[in-house]
Amino acid sequence: LADVYHYDLYGKRDFKYDFLSVNNLKSVNWNKLVCSEPNFYFISLNLEIDKDYKEGISLTELFHIYSTGFETQRDKASIFFSTEELENTINIFQANESEQIRTILKLEEDGRDWKIEYAKKDIEKGFIATKIQFKPFDFRYIPYTGNSKGIMAYPRQEIAKHILRENIALISPRFFKEDPSIFASKLFTAHKVLSAYDKNFIFPLYLYPDENSLTNERTPNLNLEIVKEIEEKLGLKFVNEKIEDFTTFAPIDILDYIYAVLHSPNYREKYKEFLKIDFPRVPYPKPETFWQLVSLGGKL
């Protein structure tokens, strides 16, 4: 492989122009980068921090099931500020033909995965008016059917069937082009609830059994091998549901711990370059700080 050299130049435009006008490739004080697999970073990074970061728990390793939020592809026909507005739009679909619907709702031309005809047929099968998280602190309503390429292009039924019941989920982009951000919601969320540029992923805390299951009990959506390691490090017993006992910890405690860590200014600054690459990682909890961080994460 070729050698890679790097140099940072900070300042206003005129300063940069002046610097470039009096320098050339030989006069710049370049830093030779240590490029290593698998990411081959094109900036200077402390490789010890890289090693430390990779020893943490990735969200995708901890949670078994996760997915992007729902995607309508036609918000005008699918997302509403009130149930009354939702019902009015459904009535328009039921009482009019396709081109009339397009004119009334001012919809653009049909696409591959959203067509007025498909949406109309989907609505006729029945729907549930469902409260959703459209943006942080912005709650709206959708006519949820669970069918792909209907009134919604991608309703994400594989996640919706868990989060539409009593649950809570972490919301995170895969990587952060903007300032790092993490969110939690008890509602189903849109695919860009946080990041304006990248799709956001939903990590539900619990999974619910299918209708034909012999049990109605929900189970933690967690990798039990990692949970076992956390048990050993904390000297606590893991339980599926929260009880007021400091000799045990529950899934919500893990979620609160993660939430506190990912909101830490020190964490975000220390690992900011790594947060631009893939799903965030968090360090394994320590007994001396675990409950303090759980408390802070719960308050957030």
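Would a scan of region 124-139 turn up a residue that is under 13 Å from ALA77 (Cα atoms), without any contact (Cβ under 8 Å) to a residue 40 or more places away in the chain and not polar (S, T, N, Q)? No, because not a single residue in region 124-139 is under 13 Å from ALA77 (Cα atoms), without any contact (Cβ under 8 Å) to a residue 40 or more places away in the chain and not polar (S, T, N, Q). Checking region 220-231 against the condition returns a match, with at least one residue being in contact with a His (Cβ under 6 Å, 6 or more places away or on another chain) and more than 19 Å from LEU296 (Cβ to Cβ). Answer with yes or no whether ASP245 is charged (D, E, K, R) and outside any loop (DSSP other than H, G, I, E, B). No: the conditions fail for ASP245. Residues that are open to solvent by 30 Å² or more (accessible area, probe 1.4 Å) and hydroxyl-bearing (Ser, Thr, Tyr) were ranked within region 118-145; the one that is farthest from LYS186 (Cα to Cα) is TYR118. Where helices (runs of 4 or more DSSP H) sit wholly within region 21-117, those with at least 2 residues that are surrounded by 14 or more Cβ atoms within 10 Å (Cβ to Cβ) and in contact (Cβ under 8 Å) with a residue 40 or more places away in the chain occupy 47-54, 59-62, 75-78, 83-95.
Note on region 144-193: residues that are of a type outside the set (Lys, Arg), under 22 Å from LYS76 (Cβ atoms), assigned to a loop (DSSP other than H, G, I, E, B) and free of Cβ contacts under 8 Å to residues at least 60 places away in the same chain amount to 6. Considering only residues in region 204-228 that are part of a strand (DSSP E or B) and not aromatic (Phe, Trp, Tyr), the one that is surrounded by the fewest Cβ atoms within 10 Å (Cβ to Cβ) turns out to be THR219.
The values are calculated or read from the model by the stated rules, or taken from the named source; none is laboratory data. In this text, all values refer to a predicted model and were calculated from it rather than measured experimentally. Neighbour counts are summed over all protein chains in view; Cβ atoms, including those assigned to glycine, are modelled from backbone coordinates with ideal geometry. Remember, those area values only see protein heavy atoms, side chains included, never the ligands or the DNA or RNA. Shrake-Rupley method; radii C 1.70, N 1.55, O 1.52, S 1.80 Å.
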